[in-house]
Every structure is written in C-alpha cells, then in structure tokens.
Amino acid sequence: MTNIAISAKGLIVKKGKQCILNELDFVVKSGTVTGLIGPSGSGKTTLMRSIIGVQKCKGELSVLGNPAGHKSLRKSIGYVTQSPAVYPDLTVQQNLRYFATLVRSDKMDVKRVIDTVRLTDQRNQVAGSLSGGQMARVSLAVALLGRPELLVLDEPTVGLDPVLRNELWDLFAELASEGRTLLISSHVMDEAARCENLLLLRDGKLLWKDSLKKLLAATKKNDVGGAFVTMINAAEKAEKMGKK
Ligand SMILES: Nc1ncnc2c1ncn2[C@@H]1O[C@H](COP(=O)(O)OP(=O)(O)OP(=O)(O)O)[C@@H](O)[C@H]1O
Ligand SMILES: [Mg+2]
C-alpha cells in the first residue's frame, strides 16, 4: 500500500487567460492532517475541486492511486464545501438519512456519524435552528458517511469562535488517528499550528509544502503568520530578481 494519498505534478488550472493554479507539485501523505493555508483568492477551493474531480485541470493529479475524478474515487472521498450544503428545514437525522441514500449507506452509518460529531442530542432538531458550530459538524457528518479514506474540508471552521474551532480541530485529529487523510483549508494562520504538514498557497503558487516544524525552523519564526510573511517576502524578492 502506498503512503501517498494525493500527488500533483505540474498541476495547472486556467480560467480564461488567468492562471489560477500555477504548476503545482506536491504530495499529501496518507493518515496525516495537511493544512491548505492561503489568503482569500489564492486558489484553495480551486485546488480542492481539482482533487475531488470537478475542476478541469492540466498536469498530473493522482488521488488514492487513481487519476482525480476517476469513478472508483466516488466513495473514497468525503468533501465539505465552503458553504453549508445541508437542508435547513430537515432535522439532523433526516439530512443524514437523505445523504446516506445518495452514497448507499445505511441507518447504522447515520447513527455512527452523528455520534462521531457529537450531535446525538440534537439529532431531531431542524438544521436551520442549530448553532454555527453544530451546523459545521452536520456538514462534517455528511462527509463521513460511508467511511471515506480521504476527507477534503473547505474552510470547515470559518465563522466559528476560537473555542468551537479548537473542538473541531480535536475531532479532525481524532479522525486522522483512525488512519484517515485530511486536507483542510483555512485562511486563519493559527489553525495551521494544528496541522502536521502545510501547503501554503499564494496567487496560485505554493510557497511551502512540508511540515510545520520545518517551516518554523527555516524561517526562524515561532508562529505560522510570521513564517508566512517571511515566505511571501522571499518569494517577492525572488520574483523581482527574476524580472531584472
Ligand atoms: N469560475 C471562475 N471564473 C473566473 N475566475 C474564477 C472562477 N472561480 C474562481 N476564480 C478565481 O480564481 C481565484 C482563486 O479562487 P478560489 O475560490 O480557488 O480561492 P480561495 O483561496 O478558495 O479563496 P477564499 O478563501 O475566498 O475561499 C480567484 O482569483 C477567483 O476570482
Ligand atoms: Mg475558497
């Protein structure tokens, strides 16, 4: 079995003349939490959409040993979109039962995912009346149906207070400890501290693709925000030198 969950070589996405993802090369190791960190508009969602196979791209992109978008991957990837995709007028349980039929999962699986995200007490509450943190957990529960190997979560903690964010990150760590691979995007630099590996994206280019530990050592910083600024400055300097 390979220990590489995602591998990209020369990955390019263009929209019109604009290059949204510019020749990305990276790997995501199996069983790890990898943070896809970058400012708004840097290409995080575009990269995630490429990985789940709904975005046209060029270059090589292999996911769990298959080309991205391969039909055998349908059941192996759980995806949480940036905006909640659950029905507000259905209860937590009804939402999950509906999505379970789509992935041919069963009632036991619905119970399992509700318990995993700790919404057992709220299972009969309509989704529209849940708090932000509870809503985020329903979306996560949907992605967990059918026990996918790879979870691709697009800004799952956006809009949540630090305590709730922390709770969700504990849950992500728990899921990774069960052997799953998690790719999680965020533009909150603090959250990168919860990731083993980082992909730092800016303007469609990767500024870093290695462990958090190595990033802090390389930039001589003790926080990701500071390290990110150092990497941006270095990239801008290199670009200017290249233009001269
Ligand atoms: N359908 C589209 N047509 C043209 N440009 C697009 C399209 N979708 C995205 N873009 C552009 O691609 C770039 C990357 O967008 P993307 O949504 O991937 O960024 P992001 O990092 O996810 O941002 P955010 O943090 O705001 O979610 C942006 O400049 C955006 O305007
Ligand atoms: Mg996005």
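Under 26 Å of direct C-alpha separation, and excluding same-chain neighbours fewer than eight residues apart, K15 reaches these lysines: K44, K56, K58, K71, K205, K209, K240, K243.
Please work out whether the stretch 81-206 counts as rounded, prolate or oblate from its C-alpha gyration tensor, where a ≥ b ≥ c are the square roots of the eigenvalues and a/c under 1.5 means rounded, while otherwise a/b larger than b/c means prolate and anything else oblate?
prolate
Name the aspartates and glutamates eligible as straight-distance cross-link partners of K9: C-alpha to C-alpha under 15 Å, and not fewer than 8 places from it in the same chain. Partners found: E23, D25, E60. Computed over Cα pairs, the Kirkwood radius of the chain leads via Stokes-Einstein (1.567 mPa s, 4 °C) to a diffusion coefficient of 69 µm² per second.
Between V86, S7, T32, the Cα set farthest toward the positive side of the dipole of the chain (charges on each charged residue's Cβ, about the Cα centre) is that of S7.
Our helix-only sum for the chain, with -39,500 (n - 2.57) per DSSP H run of n ≥ 4 divided by its residues, gives a mean residue ellipticity at 222 nm of -11500 deg cm²/dmol. Dipole size of the chain about its Cα centre, with +1 on Lys/Arg Cβ and -1 on Asp/Glu Cβ: approximately 940 debye, rounded to the nearest 20. Our summary gives the chain a relative contact order of 25 percent, counting only alpha carbon pairs under 8 angstrom and 6 or more residues apart.
Where does the charge balance sit around T45 when Lys and Arg score +1, Asp and Glu -1, over other residues with C-beta under 10 Å from its C-beta? Walk me through the numbers on the way to the answer.
Values: positive: K44, R49; negative: D154, E155.
Around T45, the charge tally is 0.
If both residues of a DSSP beta bridge must be in the stretch 89-213, then about 65% of such bridges are antiparallel. The residues neighbouring I232, those whose beta-carbon lies less than 10 Å from its own, together hold a net charge of 0 under the Lys/Arg +1, Asp/Glu -1 convention.
Looking at the stretch 1-91, the pairs of alpha carbons with a distance over 21 Å make up 35% of the total.
Counted as membrane-span-like here are DSSP H helices of the chain whose alpha-carbon atoms extend 24 Å or more along the helix's own axis and whose Kyte-Doolittle mean is -0.5 or above; these are 224-243. Specify the inter-centroid distance of the stretch 12-69 and the stretch 95-150, based on alpha-carbon positions, in whole Å. The distance from the Cα centre of the stretch 12-69 to that of the stretch 95-150 comes to 26 Å.
Work out how much length D170 to A193 would gain on full extension: take 0.36 nm times their residue separation and subtract the Cα-Cα distance, in nm to one decimal.
7.0 nm
Using a simple spin-label model with pseudo-atoms 7 Å out from Cα toward Cβ, N66 and I232 lie 3.9 nm apart. Here the chain carries DSSP beta bridges of which approximately 55% are antiparallel, counting only pairs with both residues inside.
Values in this text are rule-based calculations from the coordinates and carry no lab data. Note that this is a predicted model, so its numbers are computed, not measured. Cβ: placed from backbone, ideal geometry, glycine included. Neighbour counts: every protein chain shown.
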